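Below you'll find the structure, written out as structure tokens, and then a few comments.
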Amino acid sequence: MPKTTDINSAETLSDIERQITNCKKCPLYKTKTKDVPGAGDEEAEIFFIGEAPGKAEDLSGEPFVGAAGKLLTEMIETIGLTRSDVFIANVLKHRPPENRDPLPDEVEACWPYLSRQIEIVGPKLIIFLGRHALNRFFPLAKISEVHGRAFKKKWNGKEQVFLALYHPAAALYNGSMKETLMKDFKKIPKLIEKIIENNNLKQEKLI
Ligand code: URA
């Protein structure tokens, strides 16, 4: 059964997908092949947020299915989960041409879709993959400083735990970054346990 939200009890992930299909709020709809709304368990405990679809994602309609996606999928499996146990989405739902960085207007236009997806899924942990996702929520944070450290903050009316990781695409060609990413990734199961135990993760305090 689709989960509903308190704020808009009728809205489902499929409704949001339909809105994304019809979206003309920024010019990226003109160059897209497929929409890449996000995929996974609609009741997932973990919600990963990447940057934007690349070529493989634009062709398939699935997030993180190219080289970076392969690494992400492998890392998810190292912690005993599969892609279908988590939810994976991006800040942008349509591919920027030539994989350029998302523009501020595009991020702004696309934001309500991601925000409502998070509300519907209601994850225990939101994981940023790279700086674009991190800075959408925390504009001043630096990924090189906060990666691998969880923090809790009031967001959308509830206490939410966040974890920032290096982006798998950046780690693909940088051995030491990949090592760091894999080390940070391994912290996820313990963190979920702590969240479930309602451990005293302090508000806004990095751990
Ligand atoms: N990089 C991203 O940020 N998202 C994808 O879906 C694929 C690559």
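Which one of these is surrounded by 15 or more Cβ atoms within 10 Å (Cβ to Cβ) and more than 11 Å from the ligand (Cβ to nearest atom): Leu59, Leu92?
Exactly one of Leu59, Leu92 is surrounded by 15 or more Cβ atoms within 10 Å (Cβ to Cβ) and more than 11 Å from the ligand (Cβ to nearest atom), namely Leu59.
I need every pair where a residue in segment 54-79 that is within 20 Å of Arg95 (Cα to Cα) has its Cβ under 6 Å from the Cβ of a residue that is near the ligand (Cβ under 10 Å from one of its atoms) and of a type in the set (Phe, Trp, Tyr), sequence separation at least 6 or different chains.
Leu72/Phe64
Got a sec? Which of Ile16, Ile7 is of a type in the set (Val, Ile, Thr) and modelled with pLDDT under 95?
Ile7
Of the residues that sit in segment 62-89 and are within 12 Å of the ligand (Cβ to nearest atom) and among the hydrophobic types (A, V, I, L, M, F, W, C), which one is farthest from Gly40 (Cα to Cα)?
Of everything passing the filter in segment 62-89, Ala67 is farthest from Gly40 (Cα to Cα).
Might you check whether a residue that is out of contact with any His (no Cβ under 6 Å at 6 or more places or on another chain), open to solvent by less than 30 Å² (accessible area, probe 1.4 Å) and either more than 20 Å from Thr73 (Cα to Cα) or polar (S, T, N, Q) (or both) occurs anywhere in segment 152-164?
Yes, there is a match, as at least one residue in segment 152-164 is out of contact with any His (no Cβ under 6 Å at 6 or more places or on another chain), open to solvent by less than 30 Å² (accessible area, probe 1.4 Å) and either more than 20 Å from Thr73 (Cα to Cα) or polar (S, T, N, Q) (or both).
The values are calculated or read from the model by the stated rules, or taken from the named source; none is laboratory data. Here the structure is a predicted model, which means the values were calculated and not measured. For neighbour counting, all protein chains shown are included, and Cβ atoms are generated from backbone atoms with ideal geometry for every residue, glycine included. Remember, those area values only see protein heavy atoms, side chains included, never the ligands or the DNA or RNA. Shrake-Rupley method; radii C 1.70, N 1.55, O 1.52, S 1.80 Å.
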